[in-house]
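Report on the following structure.
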Amino acid sequence: MKNKNWFWGFFFLLAAVFVVASQTDSFGEIGFLSIIATILLVSLFIHSLIKLNFFGVFLPLAFLYMIYWQPLDLIEISNWVLILTSILISISFSILFNVHPKKVEHWHCGNKNFNQTTENIDDNNPQTKVSFGASSKYLHADCLKSGQFTVSFGALEVFFDQAQLSPDGAEIFLDCSFGSITLYVPKHWKVKESINASLGGVENNMRHSQPTENAPVLTLKGNVRLGGIEIKYI
């Protein structure tokens, strides 16, 4: 209870500081939503640092850099580089300091080490969730119809090259917050993307795709908040 009270006490103190600071000229280019995101990210950073939750430490730092590099005239660094670097550093610190899962509140891990997994999924309607870890999923569906992939404070790779789409196509829902999702899609598939991005980004490099005329459609929907989704064609 004491830790929880301390967290909320610090949260509202930080909020008060930013309300005052927002009236200065140096904060003119940042905006209200960025200030709210900063309060949440810094609070998460402090809370995670106390619990030695390294994903909650380094990912917020990466997103803070995304918010402030332009207003503070910092060196421009790609969002993908920042996210990947923060994930790799989090993995490194988790291994070096041998963090026990009980120190992380939402750690979905089957052993006592950092959750970095590779899994083959034989399902026409796959669903998976990644939190505070990194995972690669290889789909083996013979008639893929739908799917749902959720990431929070982690990284997920999904490979579709060994899956067959339903003749009517498939609809995949993506929910990404404070992390990254990378989809590897056969270049002969037709892809329709409709993903809402809030303080995040979606990269769909269509010039590498070569869809066949009568190919079924893979429809991507969902949301990304303070993170990134990338679609690669292989």
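What does the charge count near Pro211 come to, summing +1 for each Lys or Arg and -1 for each Asp or Glu among other residues with Cβ under 15 Å from its Cβ? Net charge around Pro211: +2.
What the phi angles of the stretch 142-148 give under the Karplus curve with 6.51, -1.76 and 1.60, with θ = phi - 60°, is a coupling list of 9, 7, 5, 10, 7, x, 9 Hz, glycine and proline written as x.
Summarising the amide proton neighbourhood of Gln164: residues at separation of 5 or more, or on other chains, whose placed amide H is nearer than 5 Å comprise Ala141, Asp142, Cys143, Leu144. Amide H to amide H, with H built 1.01 Å from N, Val130 comes under 5 Å of Thr150, Val151, Ser152, counting only residues 5 or more places away or on other chains.
Partners of Lys187 within straight-line reach, counting aspartates and glutamates whose Cα lies under 19 Å from its Cα and excluding those fewer than 8 residues away in the same chain: Asp142, Glu157, Asp161, Asp168, Glu171, Glu203, Glu213, Glu230. Note that the stretch 216-230 has calculated 3J(HN,Hα) couplings of x, 9, 9, 9, 10, 10, x, 9, 9, 10, 6, x, x, 10, 10 Hz, one per residue in order, obtained from phi through the Karplus relation 6.51 cos²θ - 1.76 cosθ + 1.60 (θ = phi - 60°); glycine and proline are x. Proximity of backbone amide H atoms, modeled 1.01 Å from N, is registered between Thr117 and Ala134, Ser135, Ser136 at under 5 Å, excluding neighbours fewer than 5 places apart on the same chain.
Readers should treat all values here as calculations from the given coordinates under stated rules, not as data from a laboratory. Here the structure is a predicted model, which is why all the values come from computation and not from measurement. Quick reminder, even Gly has a Cβ in these numbers, built from the backbone with ideal geometry, and neighbours come from all protein chains shown.
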